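The values are calculated or read from the model by the stated rules, or taken from the named source; none is laboratory data. Keep in mind that this is a model prediction, so the values were computed, not measured. Ideal geometry is used to build each Cβ from the backbone, glycine not excepted, and the neighbour counts take in all protein chains shown. Note: accessible area is taken over every heavy atom of the protein model, side chains too, but ligands, DNA and RNA are not part of it. Shrake-Rupley method; radii C 1.70, N 1.55, O 1.52, S 1.80 Å.
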Protein chains: 2
Amino acid sequence: MREFLRTKGYKMTPQREMIFRAFFELGEHVTVEELYEKVRKIDPSVGHSTVWRNLKLICEVGLAEEVKMGDGVTRYDRVTRQPHGHFFCTECKSVVEFNVEPIVDIMTTEAAGRNFAPEHFKVEVHGVCAECREKVGRQTARGTSPGIEDDDHATVEERGNTSR
Amino acid sequence: MREFLRTKGYKMTPQREMIFRAFFELGEHVTVEELYEKVRKIDPSVGHSTVWRNLKLICEVGLAEEVKMGDGVTRYDRVTRQPHGHFFCTECKSVVEFNVEPIVDIMTTEAAGRNFAPEHFKVEVHGVCAECREKVGRQTARGTSPGIEDDDHATVEERGNTSR
DNA sequence: ATTGCAATTGAAAATCGTTTTCAATTGTCG
DNA sequence: CGACAATTGAAAACGATTTTCAATTGCAAT
Ligand SMILES: [Mn+2]
Ligand SMILES: [Mn+2]
Ligand SMILES: [Zn+2]
Ligand SMILES: [Zn+2]
């Protein structure tokens, strides 16, 4: 790793080592906060900005890429798989991947037809995961049952849930 | 309109009328700023928050929905069409729509298989539109040609371009 | 028309994740 | 061992979004 980075013109530092290691240990779709917390447990002196900068660096060198689900926080996804889509649970913020090969094919064709040069495909299905639906008792989703104005099912939790 | 809103428990006001009208006159994928500017030309006294709140209201009553392309600004898209995908030009920020019926079918099946209740599908192709490619001279996109590190092709423009 | 009151408005401030600044520290290379 | 660019941490800056609050205004019932 030290070697890999040097060839790209970057130095290796204890913080960096720590951050890189922690990042790859955490699952996919890591947020700055999650990584920051994890690193802090090892060395509380590591700064927020350092974690952020190194996450950027990891992307820079092509080991991960940013994923923005639209909930306000950026997630960092390892790039060790073929293009894939995301099932994003709006309740617990969990992310599950799925194959998008056939979909990408369609989009590529569509793009070619308009002379649009695709650089990145974003395929997401937002909704409620199996676990959350069980917990809350929603049956079919889509179409708020009459009477229920605001959401605030007050139960579910599984990841940070501070709604921004 | 006044009637429609009243049945939903909202009042009509001159600002609201102005904002609603302006929103539907502007094309699709309007940002708060764009609408704010447009409204300002008619009545400079209208506040930023009022425009924002009414845009939210328009969504509330089901006439539009938020679209977040990941570039930091929220766009508001009229809901007068069947589900569609977006070609998003990262250069000029233009948005072009395309049909996603077959894609939604695939995603629906995929979701069902995982017991995931879909509520919203997001299908985007980020890249460079025909116009921008012409202007800059990029040929194929994907894979930065050697030597070019930073982007800043210093030319193109077509919509706000302050990169956040 | 007048009145009561919740809805609405505009300005300013608060949020909050992201990004930059800056002085101090630390790798790396000759 | 230096020289020096890269890196770091704390704090501040950013910027779009969202909230707060006092003042104003629709509108429905007198
Ligand atoms: Mn992923
Ligand atoms: Mn659209
Ligand atoms: Zn869930
Ligand atoms: Zn373009």
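Name the shape class, rounded, prolate or oblate, that the alpha-carbon gyration tensor gives for segment B:1-79, where a ≥ b ≥ c are the square roots of its eigenvalues, rounded holds for a/c under 1.5, and otherwise prolate holds if a/b is larger than b/c and oblate otherwise.
Numbers: a/c = 1.92, a/b = 1.20, b/c = 1.61.
Oblate, because a/c is 1.5 or more while a/b does not exceed b/c.
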Probe 1.4 Å - accessible area at B:Ser49, Å² to nearest ten: 60
Within straight-line cross-link reach of B:Lys56, lysines at Cα separation under 28 Å, skipping those fewer than 8 residues along the same chain: A:Lys68, A:Lys93, A:Lys122, B:Lys8, B:Lys11, B:Lys38, B:Lys41, B:Lys68, B:Lys93, B:Lys122
DSSP-assigned coil residues among trypsin sites (Lys or Arg not before Pro) in segment B:8-56, each with at most 12 further Cβ atoms within 10 Å: B:Lys8, B:Lys11
Between segment B:1-75 and segment A:88-115, the alpha-carbon center distance in angstrom: 30
Peptide A:125-131 - average C-beta neighbours from other chains (10 Å radius): 6
Histogram of C-alpha separations across segment A:60-130, 10 Å bin width, %: 17, 44, 32, 6
Potential lengthening between A:Val73 and A:Lys11 on full extension [0.36 nm per residue; Cα-Cα distance subtracted]: 19.5 nm
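With charges set only on the Cβ (+1 for Lys and Arg, -1 for Asp and Glu), what does the dipole of segment B:1-121 come to about its Cα centre, in debye to the nearest 20?
Charge dipole of segment B:1-121: 660 debye, to the nearest 20.
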Spin-label model distance (nm) - B:Val61 vs A:Glu3, 7 Å beyond Cα toward Cβ: 6.7
